[in-house]
Amino acid sequence: QVQLVESGGGLVQAGGSLRLSCAASGTKYRIDTLKWYRQAPGKQLDLVGTIFSDGNTNYADFVKGRFTISRGSVKNTVYLQMNSLTPDDTAVYFCSGRLLGKDYWGRGTLVTVSS
């Protein structure tokens, strides 16, 4: 059973930073593409960014220049480094990966940015 688990959320002041982690377990295969999403209270789910098998990344306009996705040294671990946080970044952050044609999601980690 493939499982994705996010961690690293919490309360931070505006202008601060957080690093979220996403660790996938239950598979011997490498998940080539991993995505970070977020959902603010009462809002739709938004794609934050993607990291591809070759390490390339792309980001939503609202986080460009502030957020960075990277892979960890442990297989199927990715990070979301978030800098210059604003209250608008308050949301539950989810990671998602596709493996053998099936999408897997974590349960999310809450990030709260105070003004």
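Remark: the range 8-115 projects, on average over all directions, an area of 6.7 nm² (convex hull of Cα atoms).
Using the Karplus relation 6.51 cos²θ - 1.76 cosθ + 1.60 with θ = phi - 60°, the per-residue 3J(HN,Hα) values for the range 55-63 come to x, 5, 9, 9, 9, 5, 4, 6, 10 Hz, with x marking Gly and Pro. The string of couplings for the range 74-82 from the Karplus curve (6.51, -1.76, 1.60, θ = phi - 60°) is 7, 4, 6, 10, 10, 10, 10, 8, 10 Hz, one whole number per residue in order, with x for Gly and Pro.
Along the range 93-100 the Karplus relation, 6.51 cos²θ - 1.76 cosθ + 1.60 evaluated at θ = phi - 60°, assigns HN-Hα couplings of 9, 10, 10, 8, x, 9, 9, 6 Hz to successive residues, with x for each Gly and Pro. The slack in the chain from residue 2 to residue 47, taken as 0.36 nm per residue of separation less the alpha-carbon distance, amounts to 14.1 nm. Suppose R0 equals 25 Å. What FRET efficiency, 1/(1 + (r/R0)^6) with r the Cβ-Cβ distance, do residue 17 and residue 40 give to the nearest 0.05? Step by step, r from the Cβ atoms, then E = 0.85. Per-residue packing, averaged as other Cβ atoms within 10 Å, sorts the ranges 23-29, 84-90 into the order 84-90, 23-29, beginning with the highest. If R0 is 22 Å, the Cβ-Cβ spacing of residue 29 and residue 57 corresponds to a FRET efficiency of close to 0.60.
Subtracting the Cα-Cα distance of residue 64 and residue 98 from 0.36 nm times their residue separation leaves 9.9 nm of extension gain.
Just so you know, all these numbers are worked out from the coordinates, no wet-lab data involved. None of the values given here were measured: they were computed from a predicted structure. Please note: Cβ atoms are built from the backbone with ideal geometry, for glycine as well, and neighbour counts cover all protein chains shown.
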